[in-house]
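Here's the structure we're looking at; comments come further down.
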Amino acid sequence: MLLQTQSASTPALIDWRRFLEEVYQDRQTYHFRHGQIIPMASQDIWVICRGIVQVNTLFVNGDEAILGFIYPSMPFGLPLTQLHPYEAKALSDLVLMRLNQVEIESSPLLAQGIVLQLGRRLQQTEAILAMISQRRIVDRLEKMLLMLKEEIGQVTAEGIRLDVRLTHQQLANLLGTTRVTITRLLGNLRREGWLTIDQNHHFVLCDRPFPAL
């Protein structure tokens, strides 16, 4: 199937993917390599078929703020935000489908699917807001690792491997702290045996008593 997701799918999510695959199976898709910036136009909405996207904005002083991650089946684009600047970057190799805002408004089924996926993004945003309200940085980091484990984790013999490579700076930007702090905390997790890094620099999470979200 063209559209994939790593987490367990509800019937509604499965129906949404099937709808896109059946109705738009001959539609052009767009491929981007890891690290590429996704071009965006005022009327276009992208839907992820494969891969993961990071969305960012910038502060006045030039610092980057990571807004979150977008997973398969989820939409993103300028019509869905009021932030400026607003940037989307490929965290992995991507396959995207491009839809027009007018096209979505004219199709009740398409509009319903977009609303469903925006609900998933809202849940993620609220979870991230709850994380960064934690006073202790280690609590923020643990909850973020747990969320990523659920969303993009792949079962391996060593543990749950996160499907994308995340830098210490990316985690710091997302959690509102410094790279030095994230490096120290990740080092603690590795020494305690809760976290390893594979040969491709992906985080692997081992069994541990993570606090529930």
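Observations
- Residue match in the stretch 160-175 (condition: under 23 Å from HIS34 (Cβ atoms), out of contact with any Pro (no Cβ under 8 Å at 6 or more places or on another chain), surrounded by 14 or more Cβ atoms within 10 Å (Cβ to Cβ) and in the same structural domain as GLY62 (by TED's automatic domain parsing)): no
- When SER106 is tested against the conditions (1) over 13 Å from the mean Cα position of the chain (by Cα); (2) closer than 19 Å to ASP44 by Cβ; (3) in contact (Cβ under 8 Å) with a residue 24 or more places away in the chain; (4) surrounded by fewer than 20 Cβ atoms within 10 Å (Cβ to Cβ), the lone failure is (3).
- Lone qualifier among PRO79, PRO72 - being modelled with pLDDT under 90 and surrounded by 13 or more Cβ atoms within 10 Å (Cβ to Cβ): PRO72
- Count - residues of the stretch 176-206 that are assigned to a loop (DSSP other than H, G, I, E, B) and buried (at least 16 other Cβ atoms within 10 Å of the Cβ): 3
- Total residues in the stretch 129-159, condition within 17 Å of the chain's Cα centre (by Cα) and part of a strand (DSSP E or B): 2
- Residues in the stretch 53-77 that are among the aliphatic types (A, V, I, L, M) and in contact with a Leu (Cβ under 6 Å, 6 or more places away or on another chain) were compared, and the one that is nearest to LEU129 (Cα to Cα) is ILE66.
- Scan the stretch 93-110 for residues that are at pLDDT 90 or above and part of a loop (DSSP other than H, G, I, E, B) and the total you get is 1.
- Condition check for GLU126 on (1) surrounded by 12 or more Cβ atoms within 10 Å (Cβ to Cβ); (2) in a helix (DSSP H, G or I): one failure, at (1).
The values are calculated or read from the model by the stated rules, or taken from the named source; none is laboratory data. Values in this document were obtained by computation on a predicted structure and should not be read as measured data. Please note: Cβ atoms are built from the backbone with ideal geometry, for glycine as well, and neighbour counts cover all protein chains shown.
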